[in-house]
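Novice: I'd like to ask you about the structure that follows.
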Amino acid sequence: MPIRELQREEIEKIWTIDRSEVIENIYYFRNGTLNLQPEYYNLQGWPPGQREQYLPILLDCFDRGGTFYGAFQNDALSGVVVLDNEFIGPNQDQLQLKFLHISKAYRKQGLGQALFNKAVERAQAMNARKLYISATPSENTINFYLNIGCIITREVDQALFELEPEDIHLEYLIPNLGQTGTKQG
């Protein structure tokens, strides 16, 4: 499936991604431990108000140089990943993976991994040491990130935590850059 950078006017297509999902378990991070607990949700697309809440944030991210990759099946957007371009973290060496969504019909086929890899490549080109991820705590989402090598962050970004305190905050060490502990340039 072709993956390419989105243009600003294509950002609206994000809301055509089918977010439908039955969630049976949710992760909670408490007292330094990740715990999986039964909790049922039957999501039928984007939650009410989410488009209105996130569209201005995404447009702002795009306008200041964030990277948006989309995967297309014919002309339909099947998945998207958004990498912010503002460095965060105590050493200002992390970039936020702001958004990663795959349409229901294309999940568990490697598309999420392919989009994540594109974001990693871009972050690497920008000399980031880590990706910072504030992830929805559903079992499938967290298992996806853990299975591709993300770990629970040791240094929570306080501003992002305050925005989404129920999210699971993860990090991903960028290959080759994080091994020396310094950014290459």
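Computed from the coordinates by the stated procedures, all read-outs in this text should not be read as laboratory data. Quick caveat, the model's predicted, so the values are computed rather than measured. For neighbour counting, all protein chains shown are included, and Cβ atoms are generated from backbone atoms with ideal geometry for every residue, glycine included.
Novice: Among the residues of the stretch 27-77, which ones are β-branched (Val, Ile, Thr) and over 29 Å from Ala125 (Cα atoms)?
Specialist: Thr33
Novice: So, one more: Inspect all residues belonging to the stretch 58-65 and state whether any of them is closer than 30 Å to Asn31 by Cβ and of a type in the set (Gly, Ala, Ser).
Specialist: No, the stretch 58-65 contains no residue that is closer than 30 Å to Asn31 by Cβ and of a type in the set (Gly, Ala, Ser).
Novice: May I pose another question? Kindly indicate whether any position in the stretch 150-166 is in contact (Cβ under 8 Å) with a residue 24 or more places away in the chain, closer than 18 Å to Tyr27 by Cα, surrounded by 20 or more Cβ atoms within 10 Å (Cβ to Cβ) and in contact with a Phe, Trp or Tyr (Cβ under 8 Å, 6 or more places away or on another chain).
Specialist: Among the residues of the stretch 150-166, not one is in contact (Cβ under 8 Å) with a residue 24 or more places away in the chain, closer than 18 Å to Tyr27 by Cα, surrounded by 20 or more Cβ atoms within 10 Å (Cβ to Cβ) and in contact with a Phe, Trp or Tyr (Cβ under 8 Å, 6 or more places away or on another chain), which makes the answer no.
Novice: Report, by residue number, each residue of the stretch 1-23 that is of a type in the set (D, E, K, R), in contact (Cβ under 8 Å) with a residue 40 or more places away in the chain and loosely packed, with under 13 Cβ neighbours inside 10 Å.
Specialist: Listed by number, the residues that qualify are Arg4, Glu5, Arg8.
Novice: Looking only at the stretch 66-81, which residues are within 12 Å of Met1 (Cβ to Cβ) and over 12 Å from the mean Cα position of the chain (by Cα)?
Specialist: Gly70, Ala71, Phe72, Gln73, Asn74, Ala76, Leu77, Ser78
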